[in-house]
Amino acid sequence: MSTKFKTIITTAGAAKLAAATVPGGKKVNLTAMAVGDGGGTLPEPNAGQTKLINEVWRHALNKISQDNKNKNYIVAELVIPPEVGGFWMRELGLYDDAGTLIAVANMAESYKPELAEGSGRAQTCRMVIIVSSIASVELSIDATTVMATQDYVDDKLAEHEQSRKHPDATLNEKGFTQLSSATDSTSETLAATPKAVKAAYDLADGKYTAQDASTAQKGIVQLSSATDSSDEAQAATPKAVKIAMDNANARLAKERNGGDIPNKPLFVQNIGLQDTVNKAAGALQKDQNLNDIPDKAQARNALQLGTAATLDATTSRNDNTLGRVLKVGDRNLGVTVIPASRGFNFNSYEFAAGETLFIEVNAAINFPAGMPEFANTFVYVNVIGIRDSGNDCALLLSRYDTNISYLAWRIHEANTSINWRVLKIPTAAADIAAIPKDPIGTIGINGRMASADTPGWWLVSVDDAENVVDFPKYPNGNRLYSYGFMFVARSGNVWLQQYFSHTGASASRQTWNGDMSEQTPWVIDYNTANKPTASDVGALPITGGGLNGNLGIGTDNALGGNSIVLGDNDTGFKQNGDGILDVYANSVHV
């Protein structure tokens, strides 16, 4: 698990701490700490930071010390007094006396209230940094800026108890003193032991002395004009009594409960409560339960609640009330496992746009017909859209374990009956009676062209076409180039094979009875490599040959027989026997 809250030394801080470890280096004097709200979100500390993302308050450190257990741990403490607040705390920054950000940390989000908000507390923030040498950091602070916390006082008392920093007792001050059993000493810096007191008492017991006055008996008493003494062995002079009376007359009577204060506003100001009184005048009253907030919309904005704060949540997983906020689990929103629905009724259920269902098909009621691949299994149902009336809807149904999906839409007919229409979503060319774009098979060496009995494109890759007995060949017996593609088409029992070689030559054949082994002979298409002969097209070769029949030049021949006409269909030459060549003009022998 990654650490959510942490403290890191900044790049500038690391440089200063490193410089402090070299001989003669200046110690880093940590003097202040700042808090910030991170700009509204919990920040991630960055060593490159030179300031907080959004600082809200800064003050001198209350305490900086070395950890008792981990000697290279430095603990810096900041105290935020009760009267300071009105902000969120998500980040801390530790600064030296030059204002450089030495370390930065994020912290658990906490709101620091002001006293005027009806709640107040002193907040203590501590940051712990680890240094390679404790000598690189100055561990003293300005005592005039310290605000004592309970922990601080307890620590100081414990420290004092273990120290020898106690003053000697004098006639004016309490303190440490040395005991003495002497009975003839005039020292005023020693304390008499019970032994010395007993010796003096025994000596005095044998002599007559007037008794001292006490609260239990009369006797000799010493007068005193002191007004701050708790001694019960001295008597007050009239001067002391007058001072006490004058003081009492100038004081407030407790039974007046402050009613005898002559200038109450000045009194409030003198004891530092004027700001509190001013803020209390506009404070919210707890018995109003926030009903006395003057601008509730602005208050929600200040708390970053957004518009969802005024919306009602749904009351059930199928609550369709307009404007309500969905909860996790409503319409299976945000759940990691969708429970299977059994007995689901496709006609009566009110679908909601965007919801996802998981349905057992065999147990479903009114499951739309026309989707045979979904029998005996489960399907996911995604609601694509909803019509504005009748809850007519469009659904995407997908089988959970295969790549088969259907579109289904529900229509309420005029007679209130419900009709489902379905359409399979194609995933292969066969789904729409199309031919795949990629070859569906290969004719290789020792194969047969007749084996290509599935419509579509076939790859032909034969090293030696002589090894394929039904490979197309030219009339001279040469096979076509044996690398290329063959297109196979079918209509009922009629099959067509059309071969295209990589060199451009092509041939075709077909059968009418559905038996691929009983194809018609290959028909080789004419091309530059297979030009037709003169006899193929009924022409005379350029090298000469015999013409069987008459010839008309520029016109049809009307003379017939072995004749040649020129421009006029009955004017020309005609052979009328062996060695006989006659000339005709307009069918007249001339």
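Some observations on this one:
- Note: relative contact order over segment 435-524, using C-alpha pairs below 8 Å and six or more positions apart, is 22 percent.
- Cβ charges +1 (Lys, Arg) and -1 (Asp, Glu), total dipole of the chain, debye: 1660
- Packing-based exposure ordering (other Cβ within 10 Å, fewest first) of Tyr526, Tyr73, Tyr584: Tyr526, Tyr73, Tyr584
- Taking the fewest neighbouring Cβ atoms within 10 Å as the starting point, the ordered list for Val462, Val221 is Val221, Val462.
- Correct choice for Kirkwood radius over Cα pairs in Å that was computed from the model, options (1) 40.1; (2) 24.4; (3) 25.2: (1)
- Segment 171-188 and segment 53-105: distance between their alpha carbon centers, rounded to Å: 48
- Listed residue (Pro113, Asn301, Pro262) projecting farthest to the positive dipole end of the chain, Cβ model: Pro262
- Likely footprinting exposure, His412, His502, fewest C-beta neighbours within 10 Å first: His502, His412
- The chain - percent relative contact order, Cα under 8 Å, separation 6 or more: 5
- All C-alpha pair distances within segment 345-443, sorted into 5 Å bins from zero, spread as 2, 12, 21, 22, 15, 11, 7, 4, 3, 2, 1, 0 percent across the bins.
- Kirkwood analysis of segment 435-524, using all unique Cα-Cα pairs, places the hydrodynamic radius at 12.9 Å.
- Listed residue pairs exceeding 26 Å between alpha carbons, taken from Lys195/Lys218; Lys218/Lys239; Lys6/Lys279: Lys195/Lys218; Lys6/Lys279
Quick note: the coordinates plus some simple rules give every number you see, no bench work behind them. This structure is a prediction, so every number in the text was calculated from the model and none was measured. Note that we place each Cβ from the backbone using ideal geometry, even for glycine, and neighbour counts take in every protein chain shown.
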